[in-house]
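The values are calculated or read from the model by the stated rules, or taken from the named source; none is laboratory data. All values reported here derive from a predicted model rather than from experimental measurement. Cβ placement follows ideal geometry from the backbone for every residue including glycine, while neighbour counts extend to all protein chains displayed. Each accessible area value is taken on the protein alone, full model and side chains, heavy atoms only, with ligands, DNA and RNA left out. Shrake-Rupley method; radii C 1.70, N 1.55, O 1.52, S 1.80 Å.
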Amino acid sequence: MVKQGKLFVVTGPSGVGKGTILNKFFENNKNGVVYSVSMTTRKPRPVEKDGVNYFFVTEEEFKNAVVNDEFLEWAEYSGNFYGTNKKFVLEKLNQGINVILEIETAGARSVMEKFPDCVTIFFAPPDLDELEARLRGRKTEDEASIQNRLNAVKKELLVIDKYKYNIVNDEVDSALSKLQAIYDYEVNFENE
């Protein structure tokens, strides 16, 4: 009998560096764990690739997927829709493969309700000024979008205590080391 994979839910404010840290994590962890690529109606940023960072779809395609119950979770965030493919996640977990979801806090709440044993990790910025500088440094969004994201951050930080682990991303390598330690502990020691 195959041991069930573990579900990891990684969240935190836009611009906190989740994607950067997870990219480095997956460079070091190639076996037994997969990244669940979310679907979104957001336009791709210049460095993003369809099917790698997200599946970029129209709003109509997204709404059809909602009607067809294709999502483990889905949410609207900052004017765009995001969703996690249910079939992909369940298949991988049943094959004994660990799955990492990088999702927004609304979606994370939904997953935590459905999978109370999931491992939840919240990435926080060192402070709001640093986060604003990171968002502006991307040069991918207009002022209104940046302000929407900053307003969302204030709400997201209110739920930080709902997560099993919190990592302050003040330096990428340090945050990566903390994520690796959490992953190793949860996979190798938690259920022994």
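Legend: residue pairs 63/164; 139/164; 43/86, Cα-Cα distance threshold 29 Å; pairs beyond threshold, 63/164; 139/164.
By the compact-protein rule of thumb, 2.2 N^0.38 Å, the alpha-carbon radius of gyration of segment 86-141 corresponds to a ratio of 1.52. Between residue 85 and 39, 72, the built amide H atoms are under 5 Å apart, and every one of these is 5 or more places off in sequence or on another chain.
Work from the charge dipole of the chain (Cβ charges, +1 for Lys and Arg, -1 for Asp and Glu, about the Cα centre) and give the residue of 16, 144, 54 farthest towards its positive end. Comparing the listed Cα positions along the dipole, 54 ranks first.
Scalar couplings 3J(HN,Hα) for segment 79-94, obtained by applying the Karplus form with A = 6.51, B = -1.76, C = 1.60 to θ = phi - 60°, are x, 10, 9, 9, x, 10, 5, 4, 4, 4, 4, 5, 4, 5, 4, 5 Hz; x denotes Gly and Pro. Proximity of backbone amide H atoms, modeled 1.01 Å from N, is registered between residue 77 and 82 at under 5 Å, excluding neighbours fewer than 5 places apart on the same chain.
Ordered from highest to lowest accessible area with the whole protein assembly present and a 1.4 Å probe, 142, 127 read as 142, 127. Magnitude of the charge dipole for the chain, about its Cα centre and with charges confined to Cβ atoms of Lys, Arg (+1) and Asp, Glu (-1), is about 240 debye.
The HN-Hα couplings worked out from phi for segment 158-165 by the Karplus form 6.51 cos²θ - 1.76 cosθ + 1.60 (θ = phi - 60°) are 5, 9, 4, 6, 7, 9, 5, 10 Hz, whole numbers, x standing for Gly and Pro. The accessible area of residue 171, taken with all protein chains in place and a 1.4 Å probe, comes to roughly 90 Å². Model label sites at residue 28 and residue 161, defined 7 Å from Cα along the beta-carbon direction, differ in position by 3.1 nm. Summary value for the chain: 33 percent relative contact order, contacts being C-alpha pairs under 8 angstrom separated by 6+ residues.
When the solvent-accessible area of segment 88-144 is split by element, carbon and sulfur atoms take up 48 percent of it, the probe being 1.4 Å. Taking all protein chains into account, the per residue accessible area for the chain stands at 54 Å² (1.4 Å probe). Taking amide hydrogens as placed 1.01 Å from N in the peptide plane, the amide H of residue 168 sits under 5 Å from those of 124, each at least 5 positions away in sequence or on another chain.
Dimensions of the chain based on its C-alpha atoms, expressed as ranges along the principal axes with the largest first, amount to 53, 40, 29 Å. Here the dipole of segment 25-71 is about 240 debye; that uses its Cα centre as origin and unit charges on the Cβ of Lys and Arg (positive) and Asp and Glu (negative).
Here the 3J(HN,Hα) profile of segment 168-178, calculated from phi with Karplus coefficients 6.51, -1.76 and 1.60 at θ = phi - 60°, is 8, 8, 8, 7, 4, 5, 5, 5, 4, 4, 5 Hz, Gly and Pro shown as x.
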